[in-house]
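Here the structure comes first, spelled out in C-alpha cells, and everything after it is commentary.
Bear in mind that the values in this text are calculations on the coordinates, not laboratory data. In this text, all values refer to a predicted model and were calculated from it rather than measured experimentally. Using ideal geometry, Cβ is built from the backbone for each residue, glycine included, and neighbour counts are taken over all protein chains shown.
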Amino acid sequence: MEIELVIFDLFGVLFRVNWGDMKTFLLENDLNDINEKSFNEAFRDIFQLHRYKDLKAGVELLAERLNQKDNLKFKMAELEFLRNFKERVEIDYHALSFMHFLKHSGFKVAVLSNSFQLDISIEKELGLDKIDGVFLSCDTKVLKPDREAFLNVCRHFGLTPQNCLLIGESQNKDIIPAIEVGMKAVSYKEIVK
C-alpha cells in the first residue's frame, strides 16, 4: 500500500519542552504532600483531555483535584507555567522542515499529540495552520497509546492505517500502537541518525 498521510508527534519530534524538574516545582511551591506521579496524572486528566477558554479554570480544577484549592501560591505558579509555556519550547527546525517538505511533495500531513491547547503563536510558528490536520488530545478526548487516537486520524482522512506513516518519539505511546493498528511507524531518532 502507498503512504498518503504522514503523521507527526508534537512533543519530542517537532519540538521539545524543558518541563523542568517537577519535584523542584512541587518543593518550590510548598507542595511536599503531592507526589510527582499524582501531579502528572491530574495534569494529564485536566489539561490533556479538556480545552479551556480560560486557563484559570483548568488551574482551579487542578488545584481542587490535588487538594490545593486554597493554595494561592500553587495556583499562581501553575498559571505562570502554562502562560509561559512557549519559553520552554525548543523547536526542532529540521523536523519542521521535513514535515513541510512532505506537505509540499504531495503527502497529506497531520499532527497527533497528547497535548493541552497550544498558544496560537506556537501553532503559527510551527506552521500547523498550513498542514492538513492537528489532532490534540484536549480536543479529541483520546490519549495515545489508545488505538482510537490513531484510528480517528485515519477515519478523518478516509484512509486505512496501511496508508499512513507515523513519525514519533515514544516507543510505547507512538511507535508500537501505530504498528499494532496497521500503520507504518518510525522513530524520529532513527531518521536523524
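Work out the FRET efficiency for LYS130 and GLU180 from their Cβ-Cβ distance, taking R0 = 41 Å, and round it to the nearest 0.05.
Values: r = 30 Å, r/R0 = 0.74.
Computed FRET efficiency for LYS130 and GLU180 comes out at 0.85.
DSSP beta bridges confined to the chain are antiparallel in about 15 percent of cases.
In the chain, the longest principal axis of the Cα atoms and the axis of helix 55-65 are about 70 degrees apart.
Quick one: compute the contact order of segment 37-193, relative version, from alpha carbon pairs under 8 angstrom and 6+ residues apart, as a percent.
Computed over segment 37-193, the figure is 19 percent.
Sorted largest first, the principal axis extents computed over the alpha-carbon atoms of the chain equal 56, 33, 29 Å. Restriction of the chymotrypsin sites (Phe, Trp or Tyr not before Pro) in segment 58-112 to DSSP coil positions whose beta-carbon has at most 11 other beta-carbons within 10 angstrom yields no sites.
Net charge near LYS86: determine it from the other residues with C-beta under 10 Å of the C-beta of LYS86, scoring Lys and Arg +1 and Asp and Glu -1.
Values: positive: ARG83, ARG88; negative: GLU87, ASP119, GLU125.
Summing Lys and Arg as +1 and Asp and Glu as -1 gives -1.
By its C-alpha gyration tensor, with a ≥ b ≥ c as the square roots of the eigenvalues, how is segment 74-128 shaped: rounded for a/c under 1.5, else prolate for a/b larger than b/c, else oblate? Because a/c hits 1.5 or more and a/b exceeds b/c, segment 74-128 counts as prolate. Multiplying the residue separation of LYS37 and ALA57 by 0.36 nm and subtracting their alpha-carbon distance yields 5.0 nm.
With a ≥ b ≥ c the root eigenvalues of the C-alpha gyration tensor of segment 96-165, is it rounded (a/c under 1.5), prolate (a/b larger than b/c) or oblate? Here segment 96-165 falls in the oblate category.
In the structure shown, do any of LYS103/LYS124; LYS108/LYS184; LYS56/LYS144; LYS37/LYS144; LYS37/LYS173; LYS103/LYS130 have a Cα-Cα gap over 20 Å, and if so which?
Working: LYS103/LYS124 16 Å; LYS108/LYS184 15 Å; LYS56/LYS144 26 Å; LYS37/LYS144 18 Å; LYS37/LYS173 17 Å; LYS103/LYS130 9 Å.
Too far apart for the 20 Å limit: LYS56/LYS144.
To the nearest ten degrees, helix 72-83 and the longest principal axis of the Cα atoms of the chain are 20 degrees apart.
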